[in-house]
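Notes to accompany the following structure.
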Amino acid sequence: MIEKQILEYCKKQGSEEAGGIIKAGFFTPLENVATNKNNFFEFELDDWKGVEAIVHSHPNSNQFLSPMDRKIQINTGIEWQIVHDDKIHKYPCVPLLRGREFEYGKSDCGTLIEDAFSLMGINLGRARRDDMQKDADAGVILKRLKRIGFKKVEELLPGDVIVTSSQEEGNHLALFVDDSTVLHHAFNQLSRRIPYNYIIRRRTHSIWRHKDFKPEMIQAVLNDLKASDI
């Protein structure tokens, strides 16, 4: 019922971005007071306490959070929903992909991949961790990729997950962003975007692609990376 209400309201606004908030399970429309309503939205609300999600439409772009959307979403700390092509796309609030501090099981290469895919609209869930060395010895990374819809491929394309190894078994994940860079989170380092260089190529164990991934989805990751610079 609430989704029907949201879709009908946004459709009535035509080419202007529209939306509102979800609070206590109910949708409350809010006026878009932005100067350029076709490309931006701005809501005025005195009390944001208890707001569960912010909803707005993208009638003139795509279904992903824009760089500015991501920047503001981080400040709100709540789920954002984008209405596009008569569908509602829900994005939980995750930290920006770049600049995260390492903490195994909470902020590592695995969570980076999980959060990147959530921004692309694919829910991978949360992997349970034990001890970092034990997990590496048990081959947890490769087993989990198979369970959550990834298949091994030979040709490397943006959006693919690269499994790297410093030994024989794969023990690290990186996201191939474009022809020259990857996004990863190494032990005791900040998550970052780095060149797809000789070292990574030499350590590549295997390449994996999710069954639901579509090439246009990588835009969501690029938008997040741009948000870091705003």
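Quick one: count up the residues across region 63-83 that are within 19 Å of Ala34 (Cα to Cα) and either of a type in the set (Asp, Glu) or not in a helix (DSSP H, G or I) (or both).
Within region 63-83, the subset within 19 Å of Ala34 (Cα to Cα) is 65-73, 75-76, 80-83.
From the residues that got through so far, the ones that are either of a type in the set (Asp, Glu) or not in a helix (DSSP H, G or I) (or both) too are 65-66, 69, 80-83.
The total comes to 7.
Based on what the data block shows, is Leu175 part of a loop (DSSP other than H, G, I, E, B) and at pLDDT 95 or above?
No: the conditions fail for Leu175.
Quick test for you: out of Lys134, Lys152, pick the one residue that is more than 21 Å from the chain's Cα centre (by Cα), part of a helix (DSSP H, G or I) and not hydrophobic (A, V, I, L, M, F, W, C).
None of the other options fit; the residue is Lys134.
What's the total number of residues in region 155-184 that are of a type outside the set (A, V, I, L, M, F, W, C), within 20 Å of the chain's Cα centre (by Cα) and more than 16 Å from Ile218 (Cβ to Cβ)?
Result for region 155-184: 1.
Test Thr28 against the criterion of being over 20 Å from the mean Cα position of the chain (by Cα), of a type outside the set (D, E, K, R) and not in a strand (DSSP E or B), and give yes or no.
Values: over 20 Å from the mean Cα position of the chain (by Cα): yes; of a type outside the set (D, E, K, R): yes; not in a strand (DSSP E or B): no.
The answer is no for Thr28.
Working carefully through the options Asp131, Asp224, find the one that is touching a Lys or Arg at 6+ places or on another chain (Cβ under 6 Å) and either modelled with pLDDT under 95 or open to solvent by less than 60 Å² (accessible area, probe 1.4 Å) (or both).
None of the other options fit; the residue is Asp224.
Determine if region 187-207 includes at least one residue that is surrounded by fewer than 17 Cβ atoms within 10 Å (Cβ to Cβ), aromatic (Phe, Trp, Tyr) and closer than 27 Å to Arg70 by Cβ.
yes
Out of (1) touching a strand residue (DSSP E or B) at 6+ places or on another chain (Cβ under 9 Å); (2) not in a strand (DSSP E or B), the odd one out for Asn223 is which?
Unmet for Asn223, out of (1) touching a strand residue (DSSP E or B) at 6+ places or on another chain (Cβ under 9 Å); (2) not in a strand (DSSP E or B): (1).
Could you give me the residue pairs with C-beta distances under 7 Å whose first residue belongs to region 128-154 and is on the phi > 0 side of the Ramachandran plot, whose second residue is charged (D, E, K, R) wherever it lies, and which are 6+ apart or on separate chains?
Gly139/Glu169; Gly149/Lys211; Gly149/Asp212
The values are calculated or read from the model by the stated rules, or taken from the named source; none is laboratory data. Every value quoted in this text rests on a predicted model; they were computed, and no experiment measured them. Every residue, glycine as well, gets a Cβ built from its backbone with ideal geometry; the counts of neighbours run over all protein chains shown. Accessible surface areas use protein heavy atoms only, side chains included; no ligands, DNA or RNA. Shrake-Rupley method; radii C 1.70, N 1.55, O 1.52, S 1.80 Å.
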